[in-house]
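In what follows, a structure is listed as structure tokens, so that the remarks can point back to it.
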Amino acid sequence: MSLVESLKVLRSVRGDAVVVTAMGIAREWMALGSHPLDFVYVPSSMGQASALGMGIALAQPDRKVIACNGDGSTLMNLGSLVTITAAAPKNLTLLVFNNGVYEVTGGQSTPGAARSREDGRDVDFAAMAKACGFSSLLSFDDLDTWQREAGRVIDEPGPTFAQIKVSPMGDAGVLKSPGPGSERAQAFAAELQRE
């Protein structure tokens, strides 16, 4: 499935959840439109969506938080998986969109992709998440199943880990900032304070 298709599914089920995006996912999420509870974290954010999502989930325990990471970003900050399960926020869902490449920096294979590994096997991100302490683990590699199950995944008590296998975007363009950071942060904070 394509990243854009998978994000459209997420957009359709997110409700009033906070959605944290970074890197290539942020670029495509922004292109689909904006929502006051979007926390788009670019630039220089590789690996940070999971940690930011956890922080927001802990600070806002009554609000659902969805953190969207790529596989490259997940590899960049594997420690956040252990930290998330130690803190165990029930309102956090971590989605890892796995395309096997570092999309934003030119499409180089990640060391987790089969084509980069001597053993020729993809790293099993769900098994890694399980070893870090996630008990709610899901994996999706086709759009129909993701469409059917996405709402349940988001509604499930967390912390939840789901891997969504997507195809690389190819030449999707440069990652751009969504605008002045301080203004966006203030607007986001104001939206979080609403009842």
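Laboratory data are not the source of any read-out in this text; all were calculated from the coordinates shown. Predicted, not measured: the structure shown is a model, and the values here were computed from it. When we count neighbours, we look across all protein chains shown, and the Cβ atoms used for this are built from the backbone with ideal geometry, even at glycine.
Annotations for the structure displayed:
- When MET46, MET54 are arranged by Cβ crowding within 10 Å, least crowded first, meaning fewest neighbours, the order is MET46, MET54.
- In order along the range 126-140, the Karplus-derived 3J(HN,Hα) couplings, from 6.51 cos²θ - 1.76 cosθ + 1.60 at θ = phi - 60°, round to 5, 5, 5, 4, 4, 5, 7, x, 5, 9, 9, 10, 9, 9, 10 Hz, and Gly and Pro are given as x.
- Two-site label geometry, LYS90 and ALA189: point separation in nm, points 7 Å out along Cα→Cβ: 2.9 nm
- Ranked list, fewest to most other Cβ atoms within 10 Å of each Cβ, for GLU28, GLU183: GLU183, GLU28
- Among TRP146, TRP29, a tally of other beta-carbon atoms within 10 Å of each Cβ gives an order, fewest to most, of TRP146, TRP29.
- 3J(HN,Hα) along the range 48-61, derived from phi through the Karplus expression 6.51 cos²θ - 1.76 cosθ + 1.60 where θ = phi - 60°, amounts to 8, 4, 5, 5, 5, x, 4, x, 5, 4, 5, 6, 10, x Hz, with x in place of Gly and Pro.
- MRE, 222 nm, helices only [DSSP H, n ≥ 4, -39500 (n - 2.57), over the chain, to nearest 500]: -12000 deg cm²/dmol
- Restricting the range 1-94 to trypsin sites (Lys or Arg not before Pro) in coil, as DSSP defines it, with at most 14 other Cβ within 10 Å: ARG63, LYS90
- Lysine pairs meeting the criterion (Cα under 25 Å, 8 or more apart or interchain), as found in the chain: 11
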